[in-house]
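I have placed the structure first, in the form of structure tokens, so that the comments after it can refer back to it.
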Amino acid sequence: MALASSNMVVEIRGFRKEFKSALLRKRLVAVKGLSMEIAEGEVYGLIGPNGAGKSTTMKALLGLLQPSAGECRVFGHDASKVDARHQVGYLPENPYFFKHQTARETLEFYGKLCGLRGGGLKARVQEMLDLVRLADAAERRLSGFSKGMLQRIGLAQALIQDPKLLVLDEPTAGVDPIGSREIRDLILSLKGRGVTVFLCSHLLEQVQEVCDRVGVIYEGEMVVQGSVDSLCGAGDEVQLSVGGLDDAGLQSLRRWIVEQGGSVEAMARRERSLESVFIDVVTQRKGGHGV
Ligand SMILES: Nc1ncnc2c1ncn2[C@@H]1O[C@H](COP(=O)(O)OP(=O)(O)OP(=O)(O)O)[C@@H](O)[C@H]1O
Ligand SMILES: [Mg+2]
């Protein structure tokens, strides 16, 4: 049944999932009554430690596993019904591909599964290869692909049918920092086109950059949920970046701040992040084209 009035693309209410252990006597409760919603056009990030229940929640949303209790709805449809999946793209945690196929053949295969044919299929496959920067590797077999390249094929596969909801289970796992930034930019451009995105990731800096709202899940329970602005919004602490002062100058600055009634929480000469060193070196090597 479709919900007429809600603009919620994803609705999860009291979702509980129990797994029976191999011994059959013990039950593992992976998710314990989780509720969340994702509005149309929103980018929502689910974060939490290993084993918290992120992938289980995503799989339930895709109808890949049945809730023990509660309900999961996508575009107003029960997630277990095929109708719910028409406009959904999914990048699983460990995508499985036929390794003997080339990148192009793989995307053609998934395109056909989504009902694309002929010239439309060919054009869409090429568009996806360009989008994830695999056009040069289009005729190579996946057996020779690196982890990051396989992840890009997984993303292209998830996007082939031009979904309205994209579910990404750790989209940047195994991808190098430049590739990660490209995926971040891709998610932002999809958001710009109105695509709703549900992702989970352990790269919290990226989650903060890309998501509108975030949920923190711990041992199968939603602990905190809210907009990134409300969770990470500025307090009364100010970060000041100063150049050109020697140690004596820094000490005077510190004294002045204290005289004004403030306090200096941290003052240290800043080192560059390893990420920025990496990106600079690789970008220069590539010929200064940036990312
Ligand atoms: N098919 C399964 N059978 C039994 N237990 C499972 C199954 N799938 C998941 N679990 C268990 O459910 C819990 C949640 O797993 P889940 O994969 O959802 O965690 P996660 O938050 O995605 O973790 P990660 O960050 O490591 O990917 C874990 O304890 C896991 O071992
Ligand atoms: Mg997972």
Just to check, using Stokes-Einstein with a Kirkwood Rh over alpha carbon pairs, what's the diffusion coefficient of the chain at 25 °C and 0.890 mPa s in µm²/s? 114 µm²/s
Quick one: if the Förster radius is 30 Å, what FRET efficiency do Glu219 and Glu105 give, using the C-beta to C-beta distance and rounding to 0.05? 0.10
GNM, the chain, Cα, under 10 Å: largest mean-square fluctuation among Gly119, Gly261, Gly89? Gly261
Tell me whether the stretch 153-291 comes out rounded, prolate or oblate; compute the Cα gyration tensor, take square roots of the eigenvalues as a ≥ b ≥ c, and use a/c under 1.5 as the rounded threshold. oblate
Please go through the stretch 48-106 and write out the chymotrypsin sites (Phe, Trp or Tyr not before Pro) that DSSP classes as loop and that have at most 13 other C-beta atoms within 10 Å. Tyr96, Phe98
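Mean 1/r over all different Cα pairs, inverted: what Kirkwood radius does the stretch 78-135 give, in Å?
On the way: mean 1/r = 0.0779 Å⁻¹.
Evaluated on the stretch 78-135, it is 12.8 Å.
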State the extension gain, in nm to one decimal, for the chain segment bounded by Asn94 and Glu139, taking 0.36 nm per residue of separation less the distance between their alpha-carbons. 13.9 nm
Taking Cα atoms, the helix 274-285 axis meets the longest principal axis of the chain at an angle in degrees (rounded to 10) of 70 degrees
How big is the dipole moment of the stretch 1-144 about its Cα centre under a simple scheme where the beta carbon of each Lys and Arg is +1, that of each Asp and Glu is -1, and everything else is neutral? Debye, nearest 20, please. 760 debye
With each label point set 7 Å from Cα along the Cα-Cβ vector, what nm distance links Val29 and Arg269? 5.5 nm
Given the Cα-Cα distance of Glu71 and Ala39 and 0.36 nm per residue of separation, how much length would full extension add, in nm? 9.8 nm
GNM of the chain, Cα pairs under 10 angstrom: of Arg270, Arg133, Arg117, the biggest fluctuation goes to Arg270
The helix 247-259 Cα axis meets the longest alpha-carbon principal axis of the chain at an angle in degrees, between 0 and 90 and rounded to 10, of 90 degrees
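Please give the FRET efficiency for Lys122 paired with Asp185, using the beta carbon to beta carbon distance and R0 = 25 Å, rounded to the nearest 0.05.
Between Lys122 and Asp185 the formula returns 0.45.
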Out of Leu274, Val242, Leu142 - ranked by how far each Cα lies towards the positive end of the dipole of the chain, with unit charges on the beta-carbon of charged residues - the top one is Leu142
Picking from Pro171, Pro95, Pro163, which is most flexible by a Gaussian network model of the chain using Cα springs under 10 Å? Pro95
Starting from the Cα of Leu113, step 7 Å toward the Cβ, then list every residue of the stretch 173-202 with an amide N under 20 Å from that point. 173, 198-200
Residues in the stretch 35-58 near a label at Cys232, defined as backbone nitrogen under 13 Å from the 7 Å Cα→Cβ point? 44-47
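Is the shape of the stretch 241-291 rounded, prolate or oblate, going by the alpha carbon gyration tensor and its root eigenvalues a ≥ b ≥ c, with a/c under 1.5 for rounded and a/b larger than b/c for prolate? List each step's numbers first, then the result.
On the way: a/c = 4.29, a/b = 3.36, b/c = 1.28.
Judged from the Cα gyration tensor, the stretch 241-291 comes out prolate (a/c at least 1.5, a/b above b/c).
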Spatial separation of Cα centroids for the stretch 65-94 and the stretch 178-198, in angstrom: 21 Å
As a test, work out the antiparallel percent of DSSP beta bridges whose residues both lie in the chain, rounded to the nearest 5. 60 percent
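Sum -39500 (n - 2.57) across every DSSP H segment of at least 4 residues in the chain, then divide by the residue count to get the 222 nm mean residue ellipticity, nearest 500.
-10500 deg cm²/dmol
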Amide H neighbours of Val43 under 5 Å, counting only residues 5+ apart in sequence or on other chains, H built in-plane at 1.01 Å? Val197, Asp212, Arg213
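Here, each number is a calculation from the coordinates, and none is a lab measurement. Quantities reported herein were computed from a predicted structural model and do not represent experimental measurements. Methodologically, a virtual Cβ is constructed for each residue, glycine included, from the backbone with ideal geometry; neighbour enumeration extends over all protein chains shown.
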